[in-house]
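Okay, structure first, notes after.
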Amino acid sequence: MKTLIITVSIFALSAVVGAIVVGVNVFDGVVVEKPYETGLEWDRIQNEQADSGALNDKGLHAVFDINPKPVRAMSELVFSMYLEESGRPVTDADITLDLTMPGMFMGINRPVLKHVKDGRYEGKGVIPACPHGGKQWKAEVNIERGGKVETASYTFEVNQ
Ligand SMILES: [Cu+2]
């Protein structure tokens, strides 16, 4: 399995929109209509657009990782994120994950990441086994600082 470390400059809106496109395209054949979740997502994007402006202009840089690898269902995982802004570690963020499978409801799974040291945040969690054998998961990372929330999305594979 390739490394899960993905480096992005956070352009929150494009990341969220990209995640939705992935959710539609990487549909694994199980028909689950999610008008409610889709509506919530839409509302959230509208809210973000409404208070954007300061969203994309800050040079915030995030590195997300999951260990141990390969990532397995039903075993304890450590989710981590390194966060910096203009080359300096960001130590005062509140970070939560929202772990989902595109196109399939797998329960609400939202590990909290706590600041450990020097801009590194960690939290533990478990990913449930997919009854349909799906492997693709999405981690939406919500980074809250000073009342503002920025979001980055990552997709990764989980082995049963
Ligand atoms: Cu599933």
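The values are calculated or read from the model by the stated rules, or taken from the named source; none is laboratory data. Quick caveat, the model's predicted, so the values are computed rather than measured. All Cβ positions, even for glycine, are placed from backbone atoms using ideal geometry, and neighbour counts span all protein chains on display.
Going by what's in this entry, would VAL126 be described as among the aliphatic types (A, V, I, L, M) and either within 16 Å of the ligand (Cβ to nearest atom) or buried (at least 18 other Cβ atoms within 10 Å of the Cβ) (or both)?
Considered against the rule, which asks whether it is among the aliphatic types (A, V, I, L, M) and either within 16 Å of the ligand (Cβ to nearest atom) or buried (at least 18 other Cβ atoms within 10 Å of the Cβ) (or both), VAL126 comes out as yes.
What number goes with the only condition from (1) under 17 Å from the mean Cα position of the chain (by Cα); (2) touching a residue at least 40 places away in the same chain (Cβ under 8 Å) that VAL90 does not pass?
All conditions are met except number (1).
Going through region 88-131 one residue at a time, which ones are basic (Lys, Arg) and within 19 Å of LYS69 (Cβ to Cβ)?
ARG120, LYS124
Looking for whichever is over 17 Å from GLN160 (Cα atoms) and not in a strand (DSSP E or B) here; the options are ASP65, ASP98, ASP92. Which one fits?
ASP92
Residues checked against (1) at pLDDT below 95; (2) in contact with a His (Cβ under 9 Å, 6 or more places away or on another chain):
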| site | (1), (2) |
| --- | --- |
| GLY53 | yes, no |
| ALA62 | yes, no |
| GLY87 | yes, yes |
| LEU99 | no, no |
| PRO111 | no, no |
| VAL116 | no, no |
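Take the residues of region 103-121 that are surrounded by fewer than 16 Cβ atoms within 10 Å (Cβ to Cβ), assigned to a strand (DSSP E or B) and of a type in the set (A, V, I, L, M): which is farthest from the ligand (Cβ to nearest atom)?
VAL116
Can you list residue pairs whose Cβ atoms sit under 6 Å apart, with the first residue in region 97-124 being without any contact (Cβ under 8 Å) to a residue 60 or more places away in the chain and the second being of a type in the set (Gly, Ala, Ser) and in a strand (DSSP E or B)? Count only pairs 6 or more apart in sequence or on different chains.
From residues that are without any contact (Cβ under 8 Å) to a residue 60 or more places away in the chain, the pairs are LEU97/ALA139; LEU99/ALA139; PRO111/GLY123; PRO111/GLY125; VAL112/GLY123; LEU113/GLY123; GLU122/SER80.
Could you list all residues from region 129-147 that are among the aliphatic types (A, V, I, L, M) and either away from the ligand (no atom under 16 Å from the Cβ) or more than 14 Å from the chain's Cα centre (by Cα) (or both)?
ALA129, VAL141, ILE143
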